[in-house]
Every structure is written in C-alpha cells, then in structure tokens.
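Take a look at the structure below.
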Amino acid sequence: MNSDSEVFSLHINGVVREVTDSWLGESLLDVLRDRLGLLGVKGACEQGECGSCSVMVGDSLLCSCLVMAASAVGEPIVTIEGLTPEETLSDVQAVFVEAGAIQCGFCTPGLITAVHDLLDRIAIPTDSEIREELAGNVCRCTGYGRIIDAVQQVAVRRADSSDGAL
Amino acid sequence: MTVIDHDAGPRTSARHGTVGTSPPRPDGDAKAQGSFAFSSDLSADGCLWGATLRSPYPSARIVSIDLSVAFKIAGVESVITADDVPGEAYYGLISRDQPVFASDVVRYVGEPIAAVAADHPETCRRALAAIVVEYEELEPLLDPEQAIDGSHHDIHPDGNVIRHQRIACGDIERTGSVVVEGTYEIGMQDQAFLGLEAALAIPDPDGKGVELHVATQWLHEDRGQLAACLALPEESVRLVLGGVGGAFGAREDISLQVHTCLLALRLGRPVRFAYSRTESFLGHVHRHPATIWMRHHADADGQIVKIESRMVFDGGAYASTSAAVLINAVTHAQGPYRCANAVVDGYAVRTNSVPCGAMRGFGVVQACFAHESQMDKLADACGLNAVEIRLRNAMRTGDRLITGQPVLNVAPVERCIRDTAALPLPTEPIGGNLTANGGVDPMKLPGGAGRTADRGDIVRGIGWGVAIKNLMYSEGFDDYATARCQLADGVATLKFATAEVGQGFVTIAAQIARTILGIDDVRLDQIDTQIGSAGSTSASRQTWMSGGAVDLACRTVREAMFVDVGRAHDIDPLRLVIDGTDIVDESSGWRMSVAEANAGLAYDETVEYRHPPTVELDESGQGDCHTAFAFVAHRAVVDIDPELGLVKVVQVATAQDVGRALNPLSVIGQIEGGIAQGLGLAVMEEIIQVDGAIRNGNFTDYLLPTFLDMPEVIATLIEEPDPRAPLGAKGVGEPPCVSSTPAIVAAIRDALRSVDGVGKPLARVPVRPADICL
Ligand code: FES
Ligand code: FES
C-alpha cells in the first residue's frame, strides 16, 4: 500500500510463501494473519506477554508479535496450521479436546504449539517444568488445571507407545 | 496434581454423550486446530477497517471537531461523529445514558468521539491522528464520596447517584455483646478475556438492514440497542455470534457494535473493527472498585445478631449495570449466614472514571471480601476458629435473607464447609520436596525464578472463604430463554441464541438432547437472532435457563413422537419411555430404536423457558428479588515471604454446590478458571487509574495469573439436585471466583500473624507486596 513495501519469501509449514505487500518492520504476527491468512495464529496483547501468537521459527518457540517478519526469512516457520496434515489432530490436539483443556479456545493454538515444543525437548516434564515452560502462555478461562493434565496425559501416552515399540 | 473428588452419588452408568458424562466440546477440534473463527478472524470481500477516536480527558467540553484533514487522507472512506447517528443517540443496558459518540462533553478517558473507516488499520490510525478536537477541560469528579454528598455538580443529566438502596431488616437497634468492624476496599479488576473485541458488519444491498457478526454475551439485547441507534426495525438488524474468546461480563455492554454498523450502512460496504489490548481496557466495563464498611454484632458464642454496612460502588461515567451490581452487593451483605437484623446502605455512583459494570461475581465478589474478612474477625473475637464460626452461622434451606426472601433452594452451606475441610492439605513442605539432587525448586517458593526467597524465612498460612451467589436475573426482570428442537430421521437439530463464550453450553445442550430424545446424532444450528432471545450468558444462568429451554423443547418433541409411535404400534403413549437409544413400553417390554421409530416422522418445536417471577426491592430493601442461590466454600493455603511481601498460593480446596453436574469436566473447568480469577483479584490484578486515566492498560502492566501463579486445586462437587432447577443443575460459573479471593487473603493474614503474633489487617484487594512487608 505504500512505497516502503517489501517483497520477501517465508518458509511456512513446508511451503514457500511470497509476501508482496508487507511494510518494513511489520510483525510476523501481522504478516501471518493479515497478509497470508494464517488465522490460527492469534494476537491478544502484542507485547510478548500472552503467548497466543506462539509459532516455531527454526528450533525456537517465539512470540510472533515480537518478531519482524522479514527477520524470519530463510527459517522454517511452523504455525498451528502446520503441526499436522490438514483435518487431522496431533496427539496434543486430541488430548486437549478430550481432557477439557479448551474453553474459549483463544489461547489454544499458541499453547498447543508450545506444548509440542515442550514435549519435544522434555519427554516427561515434571509439574514444575510444565508450569515454568508454559508460563509465557496465558489462559484466562481454564485456570490451567486441565491443560497441565492434558500435557501429562500426552507425555504418558508417548512413553507408553515408545515402550510398546521396543 | 489436581484431584477431582467427584461425589456423584447414585448414578446409573450413563450413555456416553448424555447428561452426567463429559463428552468433548463440539467445537473442540476446530479450536485445537486453529480453524475456529473468532470474531477477530472474520472478513468479507471489499471489507474496510474501522477505528475509534477516544477522549484523552476525564471531563471536558468539546468545543469543536474538525474532520476535514482526516477526510483528505487517501484510503479514508468515512469519518463519523454524533451528528451521523440516525436514531437514538444513547444506549445502555439498564438506562440508555451512554452516547454513541460524545458530542457536548466527554465524561471519561477513552470515551468515543468519532470513528473512521479506511482501507487499512494503518490508514485508520493516521486518520484518527488527523482529527482535530478542541476541548475545554473541566474539573473531573473522581471521588465517589463527592458524588454522594453533592459537593460536585452533576456530570450527567441523570445525576451523580446511579442508585441508592437501603435495607432495613428486623430490629435495627439490636446490638450484640461482640462487635467487630472494618472498612474494606476492592480494586478495579479487568475481565481480560483473551479474544479482543471485534466485529464485522455487512450491510444489506438495499441499505435497509445490516448483519453484524460479533463476539457478545447477549445477541438480542445488542440488537435492541443497535436497532434504536440505527433507526432500523429490529428485524432488519440481524446478529450472528462471532467466535467469542472469553467474556466474563465484559461483553454484556455495547462497545463497537453501533460504530461498526453505522459505518457499514453509510458506505454500503462491509466494515470490521478489532480493538487492541489497550483499547479493550477502555472499550469495556470493569469490575466496580468499592469501599465497604461493615459492622457485625454477635452473641458471645458467635451467633450473628445484626450486621450493618455501608457500600459505595464507583460506577464510572455511565450507568451500565451498576444498579443491578449494587443490588447484588447489598442483598448478599450477610453472606451464607443466618442474620435476622440488618441495616445496609448502598450507593452506586457516577464519576469521571472508566465505566464499570458486569464481571463474573457481579457485586457479590465485593460484598464477600467484606463479610468473609468480618467472619474471621468475629471468630477471633469469640475465640473460635474460622471453620467453627462459619458452621455456627451457616444458612439452611428456608432461612431468610435480610431482604425477607426465604432461600428455597438446596442450601448445603454446612456441607460445603465440612467437605472442604475434609480435603487433604498440601503434603509437600514449604518450598516443596527437595529435588533429586537435594536442592530446592525455586519455582515452589514465593518469588519463583527470581530466587529471592530464602526457604527458612517463608511462612505458611491457611484461610477460608464461603459464599452465597444468586443465579439468574433479579428484581422483576422478565428472564427467559428460547430453544428450538427439530427431530427428523433420527437426527436432532437444536437452535438457540445462547452465546457460547467458552463455558461449554454447546456441549451440554447436545447432552440434554441425547438424554431426552435417545438420539446420538445431535446437530447445533448457527447461534444468531433468527430465533427468540436466550438472555445473556451471565449471572450463571445459561445451564438453568437455556438448558431448561433445550430440555423443554426436547421433551415437547418427545411427547409428540410418543403419541405417533403409540398410535402406530397400538400402545398407550403414556407408557412409553426412552431407554438409552430405544423407545420402550415398560409394561409389555416392546422396544424399538428411536431412529427406527422416527423414520419418516418430523417434529419441530420452539419453546420459551421462564423462571418464577421476582420483585423489585421496596424502600427498605425488602422483597423476593432473587431467583435462586448457589453456595461454595474455599480453603486456601499460601506461603509468603514476609520481608519481600511475596505470595505463593500453594493450594485451593473447594466444595461447590452444583445441584447436578451435567458435564463434570466442564464444571471442574469453571471451578479452576473461576479460582484463577479470584486469585488474580486477591494478589495480582488491578486497573490503576491516575487522574481518571488508566495507567496499566496492557498485559505487561496488568498482571494476570500464569501457570506459575495458579496452585493445585482440589475440588469436591456437591450434587444435591435442586428440585427448582429444570435439570437439577445450578449455575457453576460465578461461585468459584466469589469466595476464593477472601480465602487467599485470609491465608496471607494467617501467615503474617504467625510471624509476629499480630499480623496485618489487609483490608484491601489486591494485596500488594507493600501491604505485607511494610
Ligand atoms: S500477542 Fe504475542 S504474546 Fe500476546
Ligand atoms: S481457553 Fe479461553 S483463554 Fe484459554
């Protein structure tokens, strides 16, 4: 819309997406949502406080509201839409639904992204580790109890199924 | 980990998905995948963005507004002010006292003055900056007492006192041998839902109507206010519920609805608005800050003989629901305790602060912090402990409130207290068990990762809070809910206008239909205004009200089906019942699946459910003004660092009177979520205003409980089905955040007392570090 427009490409959910109309310095959150239509990424504070906008950039879980989109060029970006093939649920997603970890659901995409990241790094997190690792994701509805329960259930299921595979 | 002690009582093994089980939410998969459309995700072809210009002053006269520069900015399509409102210039929930746009004066920082529509949010921002408003600043009214004593001129034609209500009950001269008193303050809390205000308005091609997709708590109330402002007949204003990212009271009032529709109708193009977090703090009402003085008289063994109270609620610039919030506060002054004599004086006043209105707990939160703080003082004065003083005074079914109203509901106050007391205390010592390598986990100490706490300095305390909370609307309001049930070819379809805000009504509506109809395939129609009102998703009322309407609609369909099936198979329809997914003649043993029996038949019933009427309070505050009541007890355990004033809430135990848990997992979710908000008010959350301006309207400065702040919750559900409730189930949303706050504060007081034997009064919430350590 103005002369400061930038053209660059982002690797998002395994696909190269061209961003043609972004302005210099536009946040990754705004580019993902408003330019590329990835509406599963949510914004609720735009100050890095709530975690609703969490996405994976390379190996890091980041608040997309705090990152300039242009700075993510060349890094693989994974949003909630790219966690699983379309129409399917990951184990974390399925357990969130079953375990009552979702009420309004606004925090959910960011949280589920964060939980995948957590369980990839720490297979069987303690209660303290879950709380500390997820402390950047605010949920106003659930009081967190069912979410912690869901994370533990996934960890146990993964451990059980890898035991079974041995 | 959280323990759910689910006292289900006798229960036959229910079919999955029916009442009493915990099936997953119908919208759960979409929410987990990120494909659920919240109102902020909605757009339309050719859609413009809207934005709002707001007042920087708490009180000022508008001398002039110059829009000419804004209009010239490329991409700006329209700029509107009060002059462009075709209909009613004011809106409001109880009284229409709030202007769509301020025209002559502004009454709070953040009041809307103009709105723009443009091709991009950035263009909107520039257009707002280009609007030139000349103000003449006026002396703001910021002290609620000045609103009462008349020392400040009226800041609104309706006056500075929104409502004054007195309650005089029994012998108001009575005194007791034990007297305790205190003055308590409650700070302004924000609902802080995550899904910010957003809406999309699509005008009809002929310009004579509009469709608004909006996250709200009450579609039909919005429609009524909107249609009046737009000067359109109600049927030309169609509302569709946009996905709601939490509500907690903040979406009961109009925020961006009128502005969005005005611009869309004016331009003949779709317009969307989306507030930022900072704008959201200005754009919705908050929990009333309040000052409550209370004096309890008791006899020597701790029986309450009289309470006296004066309550002042700061309603901010516009009335919103302040009058009803006040009534909840004054009528709940006694708490869940017997009390024959009382004098209560309550004021809801107007000031030049940001408007206050509904938030989860609705006036009862403030009253409860005062009466529970008083109960602990009374216990001390009588030499009793916190549990004993409450048990001695616990209300029972049939007892009267200070309004003269008998409590006709199941009232298991004593059981709430005893069952809570029976829940285990934390087993881990202060700071938790030592880690595998013999160290202390800092996350288990006050101050957490800051590692400021020395384990040896930390002290633990235990505190109690018990509450009564009214359910549904009060004071003669015609409170009803509408639901439609269609049954054809073994598929049931439900329609209602009940706002699903996250609480899970969509889940239990389908559960009710499965139970009543013996059908597993239940579909939910769009939530919109193409059916009668469901009333608001507030006052813990939808399980009872919309649940009651769905139940009644399904029963009506079922009875019609029984008549047809009876005729076809020559069975008296009165002998037919639903057993699982079959229709059964219990006397002959004949049975047939509902789906089979329903083949080729179709039913369609729309019903309204109403609760028994209530009345307005009279001048002495007497009258059966409330519909029903629920009860709850909380016991909190905290660890504090007395030198740094840091608090770690270690555990909250609760027993809640739920009537019947239609979906136990959802009930637990409401309990845990409500306690989190109660904890927030106890130790973290407050909107700070300086000279009428919010200073912390963002999530960096307004502190919300995170995973690390929330303790373990242990809950017992007390299921004594209420014969007055359509499904035996009471609303469960509000009680968890009513008495959790005073329980946590009492626990901090208890811990502090163990340090020096004296402690601190902590008469104000949220409790700040300085209140503890200085
Ligand atoms: S929107 Fe990015 S952290 Fe809140
Ligand atoms: S479910 Fe509503 S914010 Fe988490």
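The values are calculated or read from the model by the stated rules, or taken from the named source; none is laboratory data. Remember, predicted model here, so these are calculated numbers, not experimental data. When we count neighbours, we look across all protein chains shown, and the Cβ atoms used for this are built from the backbone with ideal geometry, even at glycine. Surface accessibility is based on the protein's heavy atoms, side chains included, excluding ligands, DNA and RNA. Shrake-Rupley method; radii C 1.70, N 1.55, O 1.52, S 1.80 Å.
Could you list all residues from the stretch A:126-144 that are open to solvent by less than 10 Å² (accessible area, probe 1.4 Å) and more than 16 Å from ligand 1 (Cβ to nearest atom)? Passing the criteria: A:ILE130, A:THR142, A:GLY143, A:TYR144. Residues that are within 12 Å of another protein chain (Cβ to nearest Cβ) and under 27 Å from B:ALA74 (Cβ atoms) were ranked within the stretch A:30-56; the one that is least open to solvent (accessible area, probe 1.4 Å) is A:LEU32. Here the condition is being among the charged types (D, E, K, R), at pLDDT 95 or above and open to solvent by less than 40 Å² (accessible area, probe 1.4 Å); of A:ASP117, A:ASP91, it holds for A:ASP117 alone.
Every test in (1) under 23 Å from B:TYR480 (Cβ atoms); (2) within 14 Å of chain A (Cβ to nearest Cβ) is passed by B:LEU226 save one, and that test is (2). Restricted to the stretch B:208-299, the set of strands (runs of 3 or more DSSP E) holding at least 2 residues that are closer than 30 Å to B:ARG338 by Cβ comprises B:290-298. Taking the criterion of being crowded, with 24+ Cβ neighbours inside 10 Å and more than 16 Å from ligand 1 (Cβ to nearest atom), the residues of the stretch A:98-114 that qualify are A:GLY100, A:ALA101, A:ILE102, A:GLN103.
When B:ASN341 is tested against (1) closer than 18 Å to B:VAL407 by Cβ; (2) out of contact with any strand residue (DSSP E or B) (no Cβ under 7 Å at 6 or more places or on another chain); (3) not hydrophobic (A, V, I, L, M, F, W, C), just one condition goes unmet, and that condition is (2). Residues in the stretch B:639-656: is at least one on the phi > 0 side of the Ramachandran plot and either open to solvent by less than 50 Å² (accessible area, probe 1.4 Å) or more than 14 Å from chain A (Cβ to nearest Cβ) (or both)? The answer is yes, given that some residue of the stretch B:639-656 is on the phi > 0 side of the Ramachandran plot and either open to solvent by less than 50 Å² (accessible area, probe 1.4 Å) or more than 14 Å from chain A (Cβ to nearest Cβ) (or both). For A:GLU75, the criteria (1) away from ligand 1 (no atom under 16 Å from the Cβ); (2) within 7 Å of chain B (Cβ to nearest Cβ); (3) touching a residue at least 60 places away in the same chain (Cβ under 8 Å) hold in every case but one, which is (2).
When only residues in the stretch B:688-714 that are part of a strand (DSSP E or B) and at the interface with chain A (Cβ under 9 Å from one of its Cβ atoms) count, which is most open to solvent (accessible area, probe 1.4 Å)? The selected residue is B:GLU712.
A quick yes/no check of all residues on (1) within 14 Å of chain A (Cβ to nearest Cβ); (2) open to solvent by less than 10 Å² (accessible area, probe 1.4 Å); (3) of a type outside the set (Asp, Glu):
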{"residue": "B:ALA483", "(1), (2), (3)": "no, yes, yes"}
{"residue": "B:ALA488", "(1), (2), (3)": "no, no, yes"}
{"residue": "B:VAL506", "(1), (2), (3)": "yes, no, yes"}
{"residue": "B:ALA509", "(1), (2), (3)": "no, yes, yes"}
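Working carefully through the options B:GLU672, B:GLU685, find the one that is in contact with a Pro (Cβ under 9 Å, 6 or more places away or on another chain), at negative phi and either within 9 Å of chain A (Cβ to nearest Cβ) or free of Cβ contacts under 8 Å to residues at least 24 places away in the same chain (or both). When all the criteria are applied, what remains is B:GLU672. B:ALA453 - would you say it is touching a strand residue (DSSP E or B) at 6+ places or on another chain (Cβ under 7 Å) and in a loop (DSSP other than H, G, I, E, B)? So B:ALA453 passes the test. One residue stands out among those in the stretch B:401-431 that are hydroxyl-bearing (Ser, Thr, Tyr) and part of a loop (DSSP other than H, G, I, E, B): the one that is surrounded by the most Cβ atoms within 10 Å (Cβ to Cβ), which is B:THR403.
In the set (1) touching a residue at least 24 places away in the same chain (Cβ under 8 Å); (2) more than 22 Å from B:ARG272 (Cα to Cα); (3) open to solvent by 30 Å² or more (accessible area, probe 1.4 Å), the condition left unmet by B:ASP29 is number (1).
Conditions tested, residue by residue: (1) β-branched (Val, Ile, Thr); (2) more than 11 Å from ligand 2 (Cβ to nearest atom); (3) within 12 Å of chain B (Cβ to nearest Cβ).
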position: A:ALA114; (1), (2), (3): no, yes, yes
position: A:ASP117; (1), (2), (3): no, yes, no
position: A:ILE122; (1), (2), (3): yes, yes, no
position: A:ILE130; (1), (2), (3): yes, yes, yes
position: A:ILE147; (1), (2), (3): yes, no, yes
position: A:GLN153; (1), (2), (3): no, yes, yes
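Among the residues of the stretch A:27-72, those identified as small (Gly, Ala, Ser) and within 6 Å of ligand 1 (Cβ to nearest atom) are A:GLY43, A:ALA44, A:GLY48, A:GLY51, A:SER52. Assessment of the stretch A:59-77 against the conditions (open to solvent by less than 30 Å² (accessible area, probe 1.4 Å), polar (S, T, N, Q) and assigned by TED's automatic domain parsing to the domain that holds A:HIS11) yields at least one matching residue.
Could you say whether any residue in the stretch A:11-27 is within 18 Å of the chain's Cα centre (by Cα) and in a loop (DSSP other than H, G, I, E, B)? Within the stretch A:11-27, one or more residues are within 18 Å of the chain's Cα centre (by Cα) and in a loop (DSSP other than H, G, I, E, B).
Got at least one residue in the stretch B:715-736 being part of a strand (DSSP E or B), open to solvent by 30 Å² or more (accessible area, probe 1.4 Å) and either farther than 19 Å from B:GLN511 by Cα or among the aromatic types (Phe, Trp, Tyr) (or both)? No, that holds for no residue.
Pairing residues of the stretch B:713-734 that are farther than 14 Å from B:ALA411 by Cβ with residues that are in a strand (DSSP E or B) and open to solvent by less than 20 Å² (accessible area, probe 1.4 Å), at Cβ distances under 6 Å and at least 6 apart in sequence or on separate chains, gives B:VAL713/B:VAL652; B:ILE714/B:ALA653; B:ALA715/B:THR654; B:THR716/B:ALA655; B:GLY731/B:LEU471; B:GLU734/B:LYS469.
For the stretch B:142-161, the criterion of a residue being open to solvent by less than 60 Å² (accessible area, probe 1.4 Å) and in a strand (DSSP E or B) is satisfied by at least one position.
Can you pull out the residues in the stretch B:75-133 that are among the hydroxyl-bearing types (Ser, Thr, Tyr) and either open to solvent by 30 Å² or more (accessible area, probe 1.4 Å) or at pLDDT below 95 (or both)? B:TYR90, B:SER95, B:SER103, listed by residue number. Within the stretch B:191-211, no residue that is more than 13 Å from chain A (Cβ to nearest Cβ) and at pLDDT 95 or above sits with its Cβ atom under 6 Å from a residue that is open to solvent by less than 10 Å² (accessible area, probe 1.4 Å) and within 16 Å of ligand 1 (Cβ to nearest atom) at 6+ positions apart or across chains.
Cβ-Cβ distances below 7 Å connect the following pairs, each with a first residue in the stretch A:100-127 that is on the phi > 0 side of the Ramachandran plot, a second residue that is part of a helix (DSSP H, G or I) and within 16 Å of ligand 2 (Cβ to nearest atom), and a separation of six or more residues or different chains: A:GLY100/A:ARG146; A:GLY100/B:LEU665; A:GLY100/B:SER666; A:GLY100/B:ILE668; A:GLY100/B:GLY669; A:GLY105/B:LYS31.
Screening B:ARG310 with (1) assigned to a strand (DSSP E or B); (2) open to solvent by 10 Å² or more (accessible area, probe 1.4 Å); (3) touching a residue at least 60 places away in the same chain (Cβ under 8 Å) gives one miss only, at (3).
Of the set (1) under 22 Å from B:ARG541 (Cβ atoms); (2) open to solvent by 10 Å² or more (accessible area, probe 1.4 Å); (3) away from every other protein chain (no Cβ under 14 Å), all apply to B:LEU262 but (1).
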